[in-house]
1. I'd like to check which helices (runs of 4 or more DSSP H) are fully inside segment 234-296 and have at least 3 residues that are open to solvent by 50 Å² or more (accessible area, probe 1.4 Å).
2. When residues of segment 85-110 are filtered for being modelled with pLDDT of 90 or more and among the aromatic types (Phe, Trp, Tyr), how many remain?
3. Of the residues Leu197, Leu203, Leu161, only one is at pLDDT below 95 and under 26 Å from Gly120 (Cβ atoms); which?
4. Quick check, is Ala77 assigned to a helix (DSSP H, G or I) and out of contact with any Lys or Arg (no Cβ under 8 Å at 6 or more places or on another chain)?
5. Would you confirm, using the coordinates I've provided, whether Ser174 is exposed (fewer than 14 other Cβ atoms within 10 Å of the Cβ), in contact with a helix residue (DSSP H, G or I) (Cβ under 6 Å, 6 or more places away or on another chain) and either hydrophobic (A, V, I, L, M, F, W, C) or touching a residue at least 40 places away in the same chain (Cβ under 8 Å) (or both)?
6. Quick one: would you say Ala52 is modelled with pLDDT under 95, assigned to a helix (DSSP H, G or I) and under 16 Å from Leu244 (Cα atoms)?
7. Report, ordered by the first and then the second residue, all pairs with beta carbons closer than 8 Å, sequence separation of six or more or different chains, a first member in segment 142-161 that is over 11 Å from Val130 (Cβ atoms), and a second member that is modelled with pLDDT of 90 or more and aromatic (Phe, Trp, Tyr).
8. So, in segment 273-293, of the ones that are modelled with pLDDT of 90 or more and over 23 Å from the mean Cα position of the chain (by Cα), which residue ends up nearest to Val154 (Cα to Cα)?
Amino acid sequence: MESTRITKWIEEIAKDQDLRSRIMKKNEAFYILIVLAGSVLWGTTGTAQHFAPVGASPLSIGAVRLAVGGTALTILALSKGAVKGKEIWMNPNTYISAASVAAYQLFFFAAVLKTGVAMGTVVAIGSAPVFAGLFSMVMGREKPDSKWIVATLVSIIGCILLITGGQELTANVSGVLLALAAGAAYAGYTAFSKQLLDKYSTLAVTGVVFFIGAILLSPLLFVYDLSWLRSIQGIGVALHLGLLATAMAYVLFTYGLSGIPLHKAVTLSLTEPATASMLGVFLLKEQLSPISWIGIALVFAGLIIVSLKRG
């Protein structure tokens, strides 16, 4: 009797276009919130690095972050039985995603060293949605529409105002190119992980991809000074960055990615710099200029636009 009711309900949904669209809208809203939650956790990275012990270099922090996060994700995936067989290990997209994760760390920190934090962050974060849109078109995924273009432009302008505070930036050509490479690497992880999600679960994708990515960056653990990990403060920073700002953040983001277009997910991830700035104000007592506050408003305006349904 119950199965008959369920069957009738499914048939009603199939016939009722308005009801079907409302259900899809609710589902998309859920995935959008999941992506935003992951982006907010990414936004805690800068604050956590602020509390790192003296002597902790950005590259060593990035390597430790990926090592801890990758290990946690691998253990979680294996304990839940998410990784079954060898198929995901033989998929080329797995290794492209892993290489993209590792490359982002290297390109971003190298860009910051060359051209400064503000310029490196603006170019890397601002270019990622553009690369994601290009990947969407090339891969035959849902093509970006005019609403996404407007929302992305508004959010990118907001990021520029937020990070620079209206101050003039000095551009270094090699630094800008490295930052663009970082943006492309981040978009590449998103695009090829989206391909993997068509076949495998979120835990399987994040577990295997970050395990390989951590291995790729492991040589850095032997090159840079890791003495900052000997203190309780250093361990706390490493655990926060690895478990929350990496493992949990990427599980949330990747799960949300499974339900919305990749270019939209990358645009939504622009929540990260806004979160970082707000934490800086309320936790680190930093001061933002009026132009930076306008930038935050524009970022959220863009996120609202990209989250709205047509009509």
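The values are calculated or read from the model by the stated rules, or taken from the named source; none is laboratory data. Quick caveat: nothing in here was measured; it's all calculated off a predicted structure. Heads up, the Cβs are rebuilt from the backbone with ideal geometry, glycines too, and the neighbour counts pull from every protein chain shown. Accessible surface areas use protein heavy atoms only, side chains included; no ligands, DNA or RNA. Shrake-Rupley method; radii C 1.70, N 1.55, O 1.52, S 1.80 Å.
1. On the way: elements: 249-257, 262-268, 271-282.
The qualifying helices (runs of 4 or more DSSP H) are 271-282.
2. 4
3. Values: Leu197 fails: under 26 Å from Gly120 (Cβ atoms); Leu203 fails: under 26 Å from Gly120 (Cβ atoms).
Only one candidate qualifies: Leu161.
4. Values: assigned to a helix (DSSP H, G or I): yes; out of contact with any Lys or Arg (no Cβ under 8 Å at 6 or more places or on another chain): yes.
Against the criterion (assigned to a helix (DSSP H, G or I) and out of contact with any Lys or Arg (no Cβ under 8 Å at 6 or more places or on another chain)), Ala77 qualifies.
5. yes
6. Numbers: modelled with pLDDT under 95: yes; assigned to a helix (DSSP H, G or I): no; under 16 Å from Leu244 (Cα atoms): yes.
It is false that Ala52 is modelled with pLDDT under 95, assigned to a helix (DSSP H, G or I) and under 16 Å from Leu244 (Cα atoms).
7. Gly158/Phe300
8. If we take residues in segment 273-293 being modelled with pLDDT of 90 or more and over 23 Å from the mean Cα position of the chain (by Cα), then Ile291 is nearest to Val154 (Cα to Cα).
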